[in-house]
Amino acid sequence: MSATDAQDDANLPVLDLSLVTYNSSSWLDGFFKSLQDQELPLAQIRILVRDNGSSDDTLTHIRKWSEELGERCGGFQVEAGENVGFGRGHNRNLERARAPLFLVSNVDLSFEADALSRLVRAAEADAEQVASWEMRQKPYEHPKVYDPVSLETRWSSHACVLFRREALLAVGGYEERLFLYGEDVELSYRLRDAGYTLRYVPSAVCWHYTYEHPGEIKRAQWLGSKVANLLLRLRYGAGAQVLVAPFMYAALWLVPPRVPHYYRGLIAMGAQLARDAPHFLRTRRQSTAPFPFRGWDYEAVRSGAFYRLAEPLAAPPLVTLITRTMRGRENQLRQALQSIENQTYPNLELIVVEDGSSDARGLVEALAARARLVRAVHIAIPKSGRCLAGNRGLQEARGDLVGFLDDDDLLFADHVEVLAATLGAHPELGAAYGLAFEVRADAFSAGAFATGSMRYSPGPRQPFSRALLWDHNYLPIQAVLFRRNLYETYGGFDVELENLEDWNLWVRYSRFADFQMVERTTSLYTVPVAAARAFERFSALDGYALRARAKNALYQGGLNPAESAAYAAEITRYNTIWGLPRQALRRIALGLPFAGPMFHLLRRIGQVLTRRGTS
């Protein structure tokens, strides 16, 4: 390398921004205005545009912005040609890229001011094996599952994603046989097949205006995503996932049309499958990494795909999260604390109460030193039990809003943000709660997400009903955020309860305040992997429920006759399935010889029946 080449490399921008446009003129002003307002200096960004045969004034707008930004940014190059598709267009830009980082972005979005600087910092701090960093989208965040601890994801949406350019070159860029839709999943899977890791960066936000209204079905997206799913099965699917592909295509002919010119689209889909299937079969995956397929999706998705995320609160109230732990649970605690550190909410304090030991002090102090928390406090108490530990945390809490995160549960990054926004918009509410995944795991272990060993099931999905809450607990403790004044008025946990203490707390608080369910999955909790252990735990809680109900009955007085009758009728409706008493069915099921080994299956069937009974 010559001295001149070395100097040129030293002066390279931090990233090349790759844009592919097609009749995009209406979006360009908003996009480039948000780009020039970035904290990341424009001099560190070189802009590479590939226009795919626009017939409107897209090129005119691009050239205007080239003149506006050309001297301020690290370069502005424009190439125009025929419509070669999304992936191939970005591959053309990749051929011209020189910076170490390569940012693929749509132009129908705008960046928050710190978005690119956060994305670049995440990339620069990460290991070489991490190939991409996906930006969070608002107002509708993509609902795919990611690891709440490591923020690892199995595939990235490429509306806005930052790549390590060397990793892209190593795998050959986008699959050019996919014209539009699905190429992001395919490239994500190919990177992971080559041993790379993908990361989600929820603190880096763009506002993506891809849908005109919630639930919109776009023809090109619907058809393109279907053909991509089938072709990806041929390359990455296990045997059964490959064999089912032709039957999935055949089934599309039997369902009512979902988009205009439906059957014409299916004919075109069949032609593409016939043309490209041999190529995808010849290029089968090489690794044993998990490549999930879940019907026409790729894996479990979080509820709330069209939950509209709000603008950040102008004056976000302080939120306190309380974590109870004890000796021997450092691994669980470390991961729970990491999920708190990953929260997108800006005004958080953490209270960790350690029951009977002080081993976790170092973990909490390390978190306090690096995380953007108002404060992080470790409190060691003599061995006193779960209730006293929780009450000690409540005494220490300063937040207007309070939640619990026990050390064997996890929060997705938007948990506090979503629930705090709900309570901010509804000052009459006493609490808000999100949906949660139930995960079979004795403890969340490093690598469990990457290996696909975590099994997700939807937890309770019950809109707030005071009557049903008094009958049974449908609120996982970590799913709830409540106002601290409820604690100040009605007290904390009942120290005479060894289990179900949270249910008793919600019963007391809901006696005087309404709760609201938010239809968005924001957390997850564990049940034991071993069926026998899970069955034993469930039976113990079921037996303890009688004692808890007796306690709860003390707080349920004061109803007038009409209210009592309405509550009784609602509870009766819930507690019958197909006209049979739920408790009797449960006793029969739990008494069967194979109930222990079949526990998880029986539990899942019960969840399905519950939804049917309350829908």
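The values are calculated or read from the model by the stated rules, or taken from the named source; none is laboratory data. Computed from a predicted model, the values in this text were never measured in an experiment. Methodologically, a virtual Cβ is constructed for each residue, glycine included, from the backbone with ideal geometry; neighbour enumeration extends over all protein chains shown. Keep in mind that these areas ignore ligands, DNA and RNA; they rest on the heavy atoms of the full protein, side chains included. Shrake-Rupley method; radii C 1.70, N 1.55, O 1.52, S 1.80 Å.
Scan segment 1-40 for residues that are closer than 21 Å to residue 62 by Cα and either modelled with pLDDT under 65 or in contact with a Cys (Cβ under 9 Å, 6 or more places away or on another chain) (or both) and jot them down.
Correct list: 13, 17, 34, 35, 36.
Collect the residues in segment 89-119 that are under 21 Å from the mean Cα position of the chain (by Cα) and part of a helix (DSSP H, G or I), keeping them in residue-number order.
Listed by number, the residues that qualify are 115, 116, 118, 119.
So is residue 313 surrounded by 12 or more Cβ atoms within 10 Å (Cβ to Cβ), in contact (Cβ under 8 Å) with a residue 24 or more places away in the chain and assigned to a loop (DSSP other than H, G, I, E, B) or not? Steps first, answer last, please.
Details: surrounded by 12 or more Cβ atoms within 10 Å (Cβ to Cβ): yes; in contact (Cβ under 8 Å) with a residue 24 or more places away in the chain: yes; assigned to a loop (DSSP other than H, G, I, E, B): yes.
When the stated conditions are applied, residue 313 passes them.
So which residues in segment 414-442 are closer than 24 Å to residue 318 by Cβ, in contact (Cβ under 8 Å) with a residue 12 or more places away in the chain, in a loop (DSSP other than H, G, I, E, B) and open to solvent by 10 Å² or more (accessible area, probe 1.4 Å), if there are any at all?
Across segment 414-442, the qualifying residues are 426, 428, 429.
May I ask you to list the residues in segment 16-45 that are open to solvent by less than 10 Å² (accessible area, probe 1.4 Å) and of a type in the set (Val, Ile, Thr)?
Within segment 16-45, 21, 45 meet the criteria.
Every residue, every condition in (1) surrounded by 13 or more Cβ atoms within 10 Å (Cβ to Cβ); (2) of a type in the set (S, T, N, Q); (3) touching a strand residue (DSSP E or B) at 6+ places or on another chain (Cβ under 8 Å), yes or no:
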{"site": "285", "(1), (2), (3)": "yes, no, no"}
{"site": "290", "(1), (2), (3)": "yes, no, no"}
{"site": "293", "(1), (2), (3)": "yes, no, no"}
{"site": "308", "(1), (2), (3)": "no, no, no"}
{"site": "326", "(1), (2), (3)": "yes, no, yes"}
{"site": "332", "(1), (2), (3)": "yes, yes, yes"}
{"site": "338", "(1), (2), (3)": "yes, yes, no"}
{"site": "342", "(1), (2), (3)": "yes, yes, yes"}
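Can you tell me which residue is farthest from residue 31 (Cα to Cα) among those in segment 191-214 that are assigned to a helix (DSSP H, G or I) and out of contact with any Pro (no Cβ under 9 Å at 6 or more places or on another chain)? Outline the logic, then answer.
Residues of segment 191-214 that are assigned to a helix (DSSP H, G or I), as a first pass: 191-193.
When the remaining residues are screened for being out of contact with any Pro (no Cβ under 9 Å at 6 or more places or on another chain), the result is 191, 193.
Details: 191: 28, 193: 33 Å.
Residue satisfying both the conditions and the ranking: 193.
Which members of segment 355-377 meet the condition of being farther than 21 Å from residue 327 by Cβ and more than 25 Å from the chain's Cα centre (by Cα)? Full working, then the answer.
Taking segment 355-377 first, the residues farther than 21 Å from residue 327 by Cβ are 369-375.
Within segment 355-377, 369, 375 qualify.
Each row is one residue, and each column tells you yes or no for (1) among the polar types (S, T, N, Q); (2) buried (at least 19 other Cβ atoms within 10 Å of the Cβ); (3) in a helix (DSSP H, G or I).
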position	(1), (2), (3)
216	no, no, no
221	yes, no, yes
225	yes, no, yes
229	yes, yes, yes
234	no, yes, yes
241	yes, no, yes
248	no, no, yes
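Specify the residue that is nearest to residue 319 (Cα to Cα); the eligible residues are those in segment 475-502 that are open to solvent by less than 50 Å² (accessible area, probe 1.4 Å) and among the β-branched types (Val, Ile, Thr).
Ranking the candidates gives 480 first.
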